[in-house]
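One structure is given below, encoded as structure tokens.
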Amino acid sequence: MVLGLERMRSGCATFGHPEREFPVFHVAGTNGKGSVSAMIERALRAAGKRTGLFTSPHLCRWNERVAINGEPIEDGPFEAALDRVLASGPADFTFFETLTLAAFLAFREAKVEALVLEVGLGGRLDATNVVPEPAATAITSIARGLGGRYLEHEKLLGSTVAEIAAEKAAIFKPRVPAVVGPLDEAALQVARAAAKAVDAPLFEVVTAPNTVPGTTALLLDHEGVLLPDGTRCELRPRLVGEHQRYNAAVAAGVLYAGRHALLISNAQIAEGVAKAEWPGRMELVRHHGRDVLLDGAHNVDGVRVLLEGLEALAVKGPKVLLFGALADKAFEPMLRLLAPHFDRCVFLAPEGRPAAPLAELSAIAPGEHADSAAHALALATRDGAFVVAAGSIYMIGALRAELFGLQRDPVLGL
């Protein structure tokens, strides 16, 4: 991983700037950016548009990262796009830059009419930040951590909420509408300043009337969101969890703000929110008659949201935590937050990058060790308890492959 934009700009120029071929909705954020991106994409399809969706990481197959009209790209076009970049792109391209440029080429070849582009990491120096004039930009959330600690990617993005907010707000573009979800005051002040600096209209999701000069409110209540033109958009997310209402409001705001690029009605936005799917996030499945909740919570803020969602589900009877995390994540505070809510724990080491040692997890909270996804599920479901799997998206991908009998590409933690 080498952050920076010069290689990406050079690569895009080599191929005639495919990133400029379609309206782009650019989405950043610590948590929620995948869900918001999925809602925006589904709404654009409801409006009759042929869509592209670029996200990361994937759960089972690399093709999931490059979706066309709601379906992962087929192997042939994906391989062709990758081959072109590997043959003619900059020699020093990183993995993510190669994948991002290949996605732009594939979307151009597929003649998509709108692209939803999820930031890979941060924003300012992320490979996706080469689109000069998107239709709209967004920041879904910025992690609060615990007492100023355990923020996401501190070594790369900064050690304070304000520093990280500045990295993400750097996707704001001159005079391009920007939308932010509920942010801490420090992050919100940074976002407001960044928007003002580039003369970007700023829309804020709020639950009480907003009177801050220079910003526009997206007023959220239990039924939906009041848009700036005085109309209401009903928001009933298919995705589970109270936090998804806020994600839905961000998605609605992005589509409202970006109407200058693509016409879309409130009814079509509502349909997108109601139909959007995002596997592995508060996803409830059945396994041999047992309930298993899969959630890609892999940081402290994600764990908080998971616990709120679990409380709302009001699960009766015993609960089992199936937990695994990468070594570079804040696995200790995550596990300390989670473990008291469960009757027992099962630990599984995710593949892809160095994992938190199972012995260290057991020292935090006693638990059984599994050596595969199948073994972990067998241990977790043996007594009929409600199972919650969390801690690593890579682990969730392995569990989904086992649960649904899905093909799974060789694991590479990038």
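Laid out as a table, the results:
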| quantity | calculated |
| --- | --- |
| Residue-by-residue Karplus 3J(HN,Hα) for the range 245-258, coefficients 6.51, -1.76, 1.60, Hz, glycine and proline x | 5, 5, 4, 5, 5, 4, 4, 4, x, 4, 5, 5, 5, x |
| Normalised alpha carbon radius of gyration of the chain [divisor 2.2 N^0.38 Å] | 0.95 |
| Per-selection metrics, the range 283-404 (Cα): Rg and Dmax in Å | 12.7, 36 |
| Cut-off under 5 Å, modelled amide H: who pairs with I139 long-range | A28, V179, V180, G181 |
| Shape call, the range 169-297: gyration tensor on alpha carbons, a/c limit 1.5 | prolate |
| Antiparallel bridges, percent of DSSP beta bridges restricted to the chain (to nearest 5) | 30 |
| Cβ-based exposure ranking for R7, R336, in which fewest neighbours within 10 Å come first | R336, R7 |
| Listed pairs K168/K275; K33/K275; K168/K196; K173/K196 exceeding 20 Å between Cα atoms | K168/K275 |
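FYI, it's all coordinate maths here, none of it is from the lab. In this text, all values refer to a predicted model and were calculated from it rather than measured experimentally. Neighbour counts are summed over all protein chains in view; Cβ atoms, including those assigned to glycine, are modelled from backbone coordinates with ideal geometry.
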